[in-house]
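I have placed the structure first, in the form of structure tokens, so that the comments after it can refer back to it.
Derivation of every value follows stated rules applied to the coordinates shown; laboratory data play no part. The structure displayed is predicted, hence computed values, not measured ones. Positions of Cβ are generated from backbone atoms using ideal geometry, with glycine treated the same way; all protein chains shown enter the neighbour counts.
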Amino acid sequence: MSEDDNAELAAHKVLINDEEQYSLWPAHLKVPPGWKECKMGTKQECLTYVREVWTDMRPLSLRLKMQEDVRMANECTSESGAAQSNNNP
């Protein structure tokens, strides 16, 4: 078995951070601060898992900020529409 084959079969961890970003990590290494383990398997199993669950690569803080911006814009639009209909006879 080649070194590449051994690397493919070696146990890996899938890590996730507070921003919901994922990383593959060798199973024998300690999980770094700010990350937590969410899956363990072969490298291929871990890659498949990450492809399935990490569908939005934007950090969580950015996604939340963008959702808030949309919510605020919708509120402004609905308030503006209500004000205009109140001014019409």
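Listed by chain and number, the lysines whose alpha-carbon sits under 28 Å from that of LYS43, ignoring those within fewer than 8 places in the same chain, are LYS13, LYS30. Spacing of the modelled spin labels on LYS43 and ALA10, each 7 Å from Cα toward Cβ, amounts to 0.8 nm.
Extension gain, GLN67 to LYS30: 0.36 nm times the residue separation minus the Cα-Cα distance gives 9.8 nm. Among CYS76, CYS46, CYS38, the ranking by other beta carbons within 10 Å of each residue's beta carbon, starting with the fewest, stands as CYS76, CYS38, CYS46.
Positive contributions from Lys and Arg (+1) and negative ones from Asp and Glu (-1), summed over other residues with Cβ under 11 Å from the Cβ of GLU19, come out at 0.
You can think of it this way: the chain between GLU19 and GLU79 has 18.3 nm of extra reach, that is 0.36 nm per residue less the Cα-Cα gap.
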